[in-house]
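Beneath this line is the structure, given in structure tokens, with notes to follow.
The values are calculated or read from the model by the stated rules, or taken from the named source; none is laboratory data. Since we're looking at a predicted model, the values are computed, not measured. Heads up, the Cβs are rebuilt from the backbone with ideal geometry, glycines too, and the neighbour counts pull from every protein chain shown. Protein only, heavy atoms only, side chains kept; ligands, DNA and RNA dropped before computing areas. Shrake-Rupley method; radii C 1.70, N 1.55, O 1.52, S 1.80 Å.
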Amino acid sequence: MRKKSFLVIPKNLKGKTAVVRVDFNEPIKGGKLQDSFRIHETLPTLSMLLKRGARIILLAHIEDSVTKKQLSFGPIVGQLERLIHSKISFVKEYSKSAVDVGLSSGAKIDLLENIRFAKGETDNNPVFARTLASFGDFYVNEAFSVSHREHASIVGITKYLPSYMGPLCEREVRRLSEALSPAHPFLLIVGGVKFETKFALMKVFMPKADAIFIGGALANTFLRAHGLEIGKSVHDEEAVSKIKEDFFTSKKIFFPLDARVNKGAKGKDITKIRPKESIYDIGPETVKGLIDLARLTRLIVWNGPLGYLEKGYSKSTEDLLKGLSRLKTKVILGGGDTLSVLDHMKLHKKFYHVSTGGGAMLDFLADGSLPGIEVLKK
Ligand code: 3PG
């Protein structure tokens, strides 16, 4: 099915049913959602579809952010109703008849059970994709943050229904595209733990960036590759040789000057870490230096926290967020962990763009597009 215009959702949708893939994968604790940024970001689209007269079938997944175990939406339907300001009919089965029962419930929004429970979703099975398509009259991808996955609800379904990019998804693509050929001076800030998830991004941005700051546990790995003592700090030993191979001689890459080795401590000179110590966060001197540098840049892309958040080391990430939020520099932020810090600070509106994407943001920046976006253009 050829897409007429994947950006323009028709105005009159009376009597039509929209199958909308959203990303409601928010952190959950004790059966309660902890953040709601992604959900909030989809609200304008949902109300736009309802105003135009459509019924909505929501496809989404939710998982335990640590174990990645898929969870049921059942226990949080009430919380979702309050966030969405609408009654939701929760449909547990992926069958046409179950969806029809949902549609007849009187609610304007049907939420289907975690789509990753359904056979055929993650392997993009065409039969399952066709089943999903049979639920509605058209499809909207409003899940930019899942669009790096070649799943049936992202890629397969677009073969069988007129398919559109939702406004949130479109904004993500437009804003993140600015970083593909960035305004200069351009600063890339990379944090987090796993080198493999950031490798492609760093490789692609090496020629484009004017400076690349490495923080988080990733910095520990770089410092170790440079022969510095990092004590018992979390790092990625397997990445050390790769770093030596690809990033050793770059003059663009820089690291923390100081680090926090325990909660109450001030910053400690990064060259003075003792074998029994651990680097848990970057230090205040480094944050100050970054803010000074940020003042001189035109664009910043930041993905990944600067400290060990799970152990409560969020201070430098918070301080840098605060500092950057006061500047005129365009800042593009993303990554699930960075978002979890931002969510508590309520500073979203202060930044040029806060991406809902974690892996999707990294892949988009590294590859220039995503499978779920490309299929909408065909
Ligand atoms: C995310 O949390 O980045 C998205 O919801 C995608 O989740 P996934 O990595 O489990 O596909």
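Brief remarks on what is shown
- Residue match in region 337-354 (condition: under 17 Å from Glu150 (Cα atoms) and either away from the ligand (no atom under 14 Å from the Cβ) or not acidic (Asp, Glu) (or both)): no
- Filtering region 28-79 to residues that are more than 23 Å from the chain's Cα centre (by Cα) and of a type in the set (Val, Ile, Thr) leaves only Ile56.
- Cβ-Cβ contacts under 8 Å between residues 6 or more apart (or on different chains), taken from a first residue in region 124-145 that is free of Cβ contacts under 8 Å to residues at least 24 places away in the same chain to a second residue that is assigned to a loop (DSSP other than H, G, I, E, B) and open to solvent by less than 20 Å² (accessible area, probe 1.4 Å), are listed as Val127/Gly120.
- Checking Val8 against (1) within 13 Å of the ligand (Cβ to nearest atom); (2) in a loop (DSSP other than H, G, I, E, B), the condition it does not meet: (1)
- Scan of region 1-46 for residues that are among the small types (Gly, Ala, Ser) and within 20 Å of Ile76 (Cβ to Cβ), ordered by number: Gly30, Gly31, Ser36
- Looking only at region 5-27, and only at residues there that are of a type in the set (Gly, Ala, Ser) and closer than 21 Å to Val375 by Cβ, the one that is nearest to the chain's Cα centre (by Cα): Ala18
- Contacts under 7 angstrom Cβ, first residue in region 165-192 being of a type in the set (Asp, Glu), partner assigned to a loop (DSSP other than H, G, I, E, B), 6 or more apart: Glu170/Leu7; Glu172/Ser355; Glu172/Thr356; Glu172/Gly357
To keep it simple, each residue is scored yes or no on (1) of a type in the set (Gly, Ala, Ser); (2) out of contact with any helix residue (DSSP H, G or I) (no Cβ under 8 Å at 6 or more places or on another chain); (3) under 30 Å from Ser181 (Cβ atoms).
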{"position": "Ile273", "(1), (2), (3)": "no, yes, no"}
{"position": "Ser278", "(1), (2), (3)": "yes, yes, no"}
{"position": "Trp302", "(1), (2), (3)": "no, no, yes"}
{"position": "Lys311", "(1), (2), (3)": "no, yes, no"}
{"position": "Lys322", "(1), (2), (3)": "no, no, yes"}
{"position": "Leu327", "(1), (2), (3)": "no, no, yes"}
{"position": "Val341", "(1), (2), (3)": "no, no, yes"}
{"position": "Phe351", "(1), (2), (3)": "no, no, yes"}
{"position": "Gly359", "(1), (2), (3)": "yes, no, yes"}
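- Tally, over region 1-12, of residues that are modelled with pLDDT under 90 and buried (at least 19 other Cβ atoms within 10 Å of the Cβ): 1
- Within region 13-42, being in contact with an Asp or Glu (Cβ under 7 Å, 6 or more places away or on another chain), crowded, with 19+ Cβ neighbours inside 10 Å and not in a strand (DSSP E or B) holds for Asn25, Glu26, Pro27, Arg38, Ile39, Thr42.
- Any hit, region 93-100, residues being over 23 Å from the mean Cα position of the chain (by Cα) and closer than 28 Å to His353 by Cα: no
- Just one of the listed residues (Ile88, Ile56) is touching a helix residue (DSSP H, G or I) at 6+ places or on another chain (Cβ under 6 Å), more than 14 Å from the ligand (Cβ to nearest atom) and under 17 Å from Asn141 (Cα atoms), and it is Ile56.
- Among the candidates Val99, Val140, Val127, the residue that is at pLDDT 95 or above, more than 24 Å from His40 (Cα to Cα) and either more than 16 Å from the ligand (Cβ to nearest atom) or touching a Lys or Arg at 6+ places or on another chain (Cβ under 9 Å) (or both) is uniquely Val127.
- Figure legend. Inter-residue proximity from region 146-159: first residues closer than 13 Å to Ser369 by Cβ, second residues part of a helix (DSSP H, G or I) and away from the ligand (no atom under 13 Å from the Cβ), beta-carbon distance below 6 Å, spacing 6+ or different chains. Indicated pairs: Ser147/Ile373; Val155/Val375.
- Among residues of region 88-111 that are at positive phi, those with a Cβ under 8 angstrom from a residue that is outside any loop (DSSP other than H, G, I, E, B), sequence gap 6+ or separate chain, pair up as Gly106/Ser89.
- The listed residues are Glu170, Glu178, and the only one of them that is among the acidic types (Asp, Glu) and under 15 Å from the mean Cα position of the chain (by Cα) turns out to be Glu170.
- Residues satisfying the stated conditions in region 115-124, i.e. closer than 20 Å to Val101 by Cα and either under 19 Å from the mean Cα position of the chain (by Cα) or more than 16 Å from the ligand (Cβ to nearest atom) (or both): Ile115
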